[in-house]
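Worksheet: the structure to be examined is printed underneath.
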Amino acid sequence: MSSAERIFKSSTASAASLVARVAQQLLLVPILILVWPTELYGEWLIISAIPIFLSLSDFGFVLAGSNELSRRASIETQSSVQQFYNVYSVYFQRWSIFIMFVLALCSFLLPLKKLMGLQLISTIDTSIIFFLLSLSALISQNSLTLFAGLRSKGKTHYGLWVRVILALLQIVLAFILVWLLESSPVVLASGMFILSLGAYLLEWILLKRIGLTQKANIFLPLKDNIPMKPYFAMGLEMMLIPLAQALILQGSILLIGKLLGPVYVVLFATHRTLTRLSSSVLQVFSNPLMAEAGLMQRPEDKKPLTKIVCLLSRVTFWLSIIIFIGFMLLGKWIYTLWVQGKIDFDFNLITILLIAVVAESLWRIITSVRMGSNRHRPVAWGYFVFTIIGLLLASYLSIDYGILGVAIGVTSVDVLMMILSIYTIRGILDVSIVVFISGLIIPPIKEANNLIQKKIFKRVSK
């Protein structure tokens, strides 16, 4: 299979994955919120917020090891790649088993219900739900090592399609268990765990069929000449960005749950989910730009790279403005239709969150250049520090302004990141800050048309 064919298949699967995630977010909320009491759904959100942090339990090791695996697959023999993959997989399996025992102790020994301030879900149900959702997150994290194997074999699209299937099955599962059978959160958590396990097994089978086997044996003797410590070190700094994102997304939910209660959690989560759907669409350019930036590192590439970034920044900025205006006009109607009027629409809340969408869409594009060229240090540390500041500000403002105060604190993170990203374009792009900002205010009508017709890169290269 040629590179072009692989890129096309991966792009198709990636687009399908985005559609599946959007469908999952749009459909799961009304299914749960229309059957369960609002307070119960809020408590479910509070419990499920914590296991998300398990996606960081690898400390960036999985991504760093995945990059090394792909590098080795391109230059080494199959047996050498298999040896590295064995060590890489078993190391993380051992770590995951340790995390699983820690989770079991925390789930059933800590007073989770009291710590989370829950009222409707019982103590034992809280422990079971937390443990099952945590195991699901841990299994999903381990599936990334399978995804790394598929990637090294040029079958990235296989892993993406498994994610699509999993997302769609989760929607079907929620519909059957909650909508039709009116099952409890414990039953839904059990179903989610089984689906995660099934997705893992499917990826394992696919990987084995294409010639790479993941050893499921934590006692497997490992080669001393393949050290893994360097990949932990590489991954630590990479982890700052997903850590900051998890802190701001899930930390705000936990903060609202603790300070304001589960009803406000539902109010905030539903408004933010709706706005972040548009944010996901706006970020569709960032990954291709990151890949392109990694290839354009010669001195003569600086000028065309600058043109690409400026064009995509303008297109993304104005698309976000259009979405902002659209939500101002139609947001209440869309939201009310979505939640079937069960939750009141808050115009001020969604306005603040839409400001975050505009800011994030811009800084994600600009920082893609640094992320794609391994010059991500100011971005990673800046995002982490701003996230801590934003959460502290959200906690402080919530005292006087309630949920709007939390929204202001959360939005401040993206605004600060937008300022940082523009400030740090010096040295990586051939444009001054003043010229870059002034260029943003010009509507990119002609450029947008070229982008739609897939001629943007051809035009820039001339």
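Worth a mention:
- The lone criterion from (1) in a helix (DSSP H, G or I); (2) buried (at least 21 other Cβ atoms within 10 Å of the Cβ) left unmet by Asp58 is number (1).
Yes/no matrix, rows are residues, columns are (1) among the aliphatic types (A, V, I, L, M); (2) assigned to a loop (DSSP other than H, G, I, E, B); (3) under 15 Å from Ala407 (Cβ atoms):
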site: Lys342; (1), (2), (3): no, yes, no
site: Asn348; (1), (2), (3): no, no, yes
site: Ile352; (1), (2), (3): yes, no, yes
site: Val357; (1), (2), (3): yes, no, yes
site: Val369; (1), (2), (3): yes, no, no
site: Arg375; (1), (2), (3): no, yes, no
site: Trp381; (1), (2), (3): no, no, no
site: Phe386; (1), (2), (3): no, no, no
site: Ser395; (1), (2), (3): no, no, yes
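- The condition of being in the same structural domain as Gly60 (by TED's automatic domain parsing), assigned to a helix (DSSP H, G or I), surrounded by 18 or more Cβ atoms within 10 Å (Cβ to Cβ) and of a type outside the set (Gly, Ala, Ser) does not hold for Ile121.
- Looking across region 399-439 at every residue that is of a type in the set (D, E, K, R) and in a helix (DSSP H, G or I), the one that is surrounded by the most Cβ atoms within 10 Å (Cβ to Cβ) is identified as Asp414.
- Check on Ile408, at pLDDT below 95 and in the same structural domain as Lys303 (by TED's automatic domain parsing): no
The values are calculated or read from the model by the stated rules, or taken from the named source; none is laboratory data. All figures in this text were calculated on a predicted structure; none of them were measured in a lab. Note: ideal-geometry Cβ built from the backbone for every residue, glycine included; neighbour counts use all protein chains shown.
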